[in-house]
1. Within the chain, how many Lys pairs that are eight or more residues apart, or on different chains, come under 21 Å at the alpha-carbon?
2. Based on the mean of other beta carbon atoms within 10 Å per residue, what is the order of 284-290, 68-74, most packed first?
3. What are the membrane-span-like helices in the chain by this rule: whole DSSP H runs, Cα extent along the axis at least 18 Å, mean Kyte-Doolittle hydropathy at least 0.0?
4. Roughly how many whole Å is it from the C-alpha centroid of segment 26-74 to that of segment 212-279?
5. Out of the total accessible area of the chain (probe 1.4 Å, heavy atoms of protein only), what percent is carbon and sulfur?
6. Could you state the accessible area per residue of segment 1-133 in Å², with a 1.4 Å probe and every protein chain left in place?
7. Calculate for the chain the 222 nm mean residue ellipticity that helices alone would give, adding -39,500 (n - 2.57) per DSSP H run of length 4 or more and normalising by residue count, nearest 500 deg cm²/dmol.
8. Select from 104, 55, 38 the residue whose mean-square fluctuation is largest in a Gaussian network model of the chain (Cα-Cα springs shorter than 10 Å).
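The values are calculated or read from the model by the stated rules, or taken from the named source; none is laboratory data. For clarity, every value in this text was computed on a predicted model and none was experimentally measured. Positions of Cβ are backbone-derived with ideal geometry, glycine not excepted, and every protein chain shown enters the neighbour counts. Only protein heavy atoms, including side chains, enter the accessible area calculation; ligands, DNA and RNA are left aside. Shrake-Rupley method; radii C 1.70, N 1.55, O 1.52, S 1.80 Å.
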Amino acid sequence: ADYRRMIWWFFIPLLATVLIVLFRHGQLGFTFKDVNYVMAPFYRNHVMYACLLAVFMPFIWFAAGWYRRWSAPWWLFSLGVLILLIGINFAFTRAAYVALVAAVGVYWVMRRRIMKFALAGAVGLFLLFASWVGSGDNWLEFAPDYQRTVTHTRFDNLLEATTKLEDISIMERVYRWVAAVNMIGDKPALGFGPGTFYFNYKNYTVTSFKTYVSDNPERSGIHNYYLMTAVEQGLPGLVSFLGLCFFTLLYGERVYHQCRTDWQRRMAAAATLSFALIALLMLMNDFVETDKIGSLFFMTLAILVNIDLGNRVDRSF
């Protein structure tokens, strides 16, 4: 009953805000340049909005199976999935599109109990890429053309710019990531301390990656939670956080396969997938620091622990 209440109390307000945003956006013709304007006052920007919908999607998808087919709750959750997909589509957020596709892959991996091999493969690919980028001056090959790296008002132009590494949002991230790596190299053991990135990173930037928004008047962060952890807490902090993420994904897979009832299995799958999507999206954003997605990060952990405790009690009888 607690799980169901949690889903309903989160789902109904979320659905209401999506309908309001779609209505306001529709009045403006669903244009890309107006997408951030219609989010207020519910969401900071279209990225937070779209990623929250993607992260909560597994809960809605699996919650529909709790109820008898064609019943009122079943219809509401089914329509909710459709409405949230429409909301993600018109939020024009590339990360949310990737997350939805990734959710299918993570579920496939979890069902086949190969999470540890998938994680090992992902780490291996990352290390190979990092070693190639870090060798010689290969990383400078990604430097953007300052005159061509601009903000786009049409989504099709944005997608084209993304493939050519000419999108300002991605290249500004790279500009800060390079600074973050240099900061980590300077203080690898203890880091710079919490909330210190903005006040230090400009001394570590490389001008080859500078963009038109590099002045950063809004004082935004690294846009990569793993790098931010390493900058603030040093490499030991990063290893600790990565350990939490890897352990949770492996733990979620184990809990899922130990469930004896369908509703437990659905809830464990939703929590694991939601956590996996947050972990993936943190490659491009600082989500654990936000009120909505950050709360889900810890709620998924609590759900998995409680389901596991319930499974242990069931096995003891």
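1. On the way: 33/164; 164/210; 187/202; 202/210.
Number of lysine pairs found: 4.
2. Values: 284-290: 18.3, 68-74: 10.9.
Taking the mean over residues of other Cβ atoms within 10 Å, the ranking is 284-290, 68-74.
3. Working: long enough: 2-27 (38 Å, 0.76); 46-63 (25 Å, 1.87); 72-89 (26 Å, 1.82); 94-111 (26 Å, 1.27); 115-134 (28 Å, 1.72); 168-186 (27 Å, 0.56); 225-258 (38 Å, 0.63); 262-281 (28 Å, 0.84); 291-316 (38 Å, 0.50).
Those that pass (Cα extent of 18 Å or more, hydropathy at least 0.0) are 2-27, 46-63, 72-89, 94-111, 115-134, 168-186, 225-258, 262-281, 291-316.
4. The distance from the Cα centre of segment 26-74 to that of segment 212-279 comes to 21 Å.
5. 65
6. 55
7. -23000 deg cm²/dmol
8. Of the options given, 104 has the highest mean-square fluctuation.
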